[in-house]
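The values are calculated or read from the model by the stated rules, or taken from the named source; none is laboratory data. Just so we're clear, the structure is a prediction, and the values are computed from it rather than from any experiment. Here the Cβ is made from the backbone with ideal geometry for all residues, glycine too, and neighbour counts use every protein chain on show. Ligands, DNA and RNA are stripped out before the accessible areas are found, and what is left, the full protein with its side chains, is counted by its heavy atoms. Shrake-Rupley method; radii C 1.70, N 1.55, O 1.52, S 1.80 Å.
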Amino acid sequence: MTLLSLAGAAAPAGSATATTLQQTAPRQFARQPAAAQQAAARQQVAVQVPLADPPPEPKKLFTIRDERIDESSGLAKSQKYVGLWWTVNDSGDTARVFGINASGKVKAELSFKAPVKDVEAIAVDSEGTIYIADIGDNKANRDMIEVYTIPEPMKLADATNVKFHRYDFKYPDGAHDAETLLIAPETKQMFFVTKVAKGLGGFYAAPDEASREGTNELTKLADGPAGVTDGTFLPDGQTVVLRSYVDIARVTWGETPKVVGRAATPLAQGESVAVGPDGTDSVLVGSEGKGSAVYQMSVPAAKGGATKPSATTTPKNSAADSDTTKKSHNLRWIIIGAALFAFVIMIVTFPPGRRERLDRMAENARLTGQAPPTDHPRRRTPAA
């Protein structure tokens, strides 16, 4: 019975093993005590419960064979064109982006005249603006990093001298190397994830509305995982997928970003991740090098016990909490003030009142010929 039960538990519902177990179970129940019958019944029910399907294996979607793309360092799904992703080369290339379809063919090359240093990431917001992140800093000696924006073209074709905007940023705690730019779907706020070989990286937020005048100061939100080479928000705005050389991580995006699940990738030297064709359940992952392959794989599931993230993308105190705190502080100071006032009144008024009573007692004693009270603290000289 034990061997049959184990075999049945390992087989999916409806299999030959499960059917055999269900047919033989009544005969075996007759020969077993009540406790054994109950255990066998539980096992039989377990066999009948269908097992969850495992996530599908990563599948190769296309290969980038265009000679112009020899170090694809980022991917971003187009908002304007179905089945199109934008990519950029790593450091050493000029300011340009490439539009690639689901067959790996370049459909458009857009170039703009900007003095880029080390482009490492690309993103597209909900309105079809392409963000090119010049944020690489292997030696951690840059005073400032830049993000350039260009619009997705009205026509999917090559274009030169595309009009662009530039945003300058600096970290609050010194220079950092980074390869990840995240754009919040609803607010279009920019976030950066720094890259470290070991230890902890960091999540940094740009101002709600970055300015093209002057340098924007970044704010650190939280520590981040090591080895992050790219990332993307999912369309829900509450989940982020981060890429490393060997895996992808699911991150809940609430008051504090938190890694809640991971999955290995089929590629070495992983450099890119983007929202997949279905928009929610899968992502594309790519790597550097000529003829690099791009795979489609499922977003890692959250581990058990992970809490649902809040809709807030940056840490903020609610107005209700703020009002409650203010009322509490106000009441506290009113009570303290009243106590101090009562104490002062007691100090100022009590001794004089006592002196007046003692003075009257001393005057009565003088008029009646009695001895004055001996506990008078500040007895005045009687009149002659």
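Below is a table of values for the structure above.
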| read-out | value |
| --- | --- |
| Leading residue by the ranking (surrounded by the fewest Cβ atoms within 10 Å (Cβ to Cβ)) among those in segment 244-258 that are β-branched (Val, Ile, Thr) and not in a strand (DSSP E or B) | 256 |
| Residue list for segment 194-215, restricted to those being open to solvent by 10 Å² or more (accessible area, probe 1.4 Å) and part of a strand (DSSP E or B) | 215 |
| Test: residue 136 is closer than 19 Å to residue 258 by Cβ and open to solvent by less than 40 Å² (accessible area, probe 1.4 Å) | no |
| Cβ-Cβ under 9 Å pairs, at least 6 apart or on other chains, segment 79-107 side closer than 19 Å to residue 276 by Cβ and among the basic types (Lys, Arg), far side in a strand (DSSP E or B) and open to solvent by less than 20 Å² (accessible area, probe 1.4 Å) | 105/62; 107/84; 107/98; 107/99; 107/100 |
| Residue that is farthest from the chain's Cα centre (by Cα), among those in segment 264-282 that are charged (D, E, K, R) and open to solvent by 10 Å² or more (accessible area, probe 1.4 Å) | 278 |
| Residue 182 being of a type in the set (A, V, I, L, M), farther than 22 Å from residue 72 by Cα and either crowded, with 20+ Cβ neighbours inside 10 Å or modelled with pLDDT under 95 (or both) | no |
| Close pairs (7 angstrom Cβ cut-off, 6 or more residues apart or separate chains): of a type in the set (Lys, Arg) in segment 196-221, open to solvent by less than 10 Å² (accessible area, probe 1.4 Å) anywhere | 220/202; 220/204 |
| Criterion: surrounded by fewer than 20 Cβ atoms within 10 Å (Cβ to Cβ) and touching a Pro at 6+ places or on another chain (Cβ under 6 Å) - qualifying residue of 227, 261 | 261 |
| Only listed residue being without any contact (Cβ under 8 Å) to a residue 12 or more places away in the chain and either closer than 18 Å to residue 232 by Cα or surrounded by fewer than 18 Cβ atoms within 10 Å (Cβ to Cβ) (or both), chosen from 144, 154 | 154 |
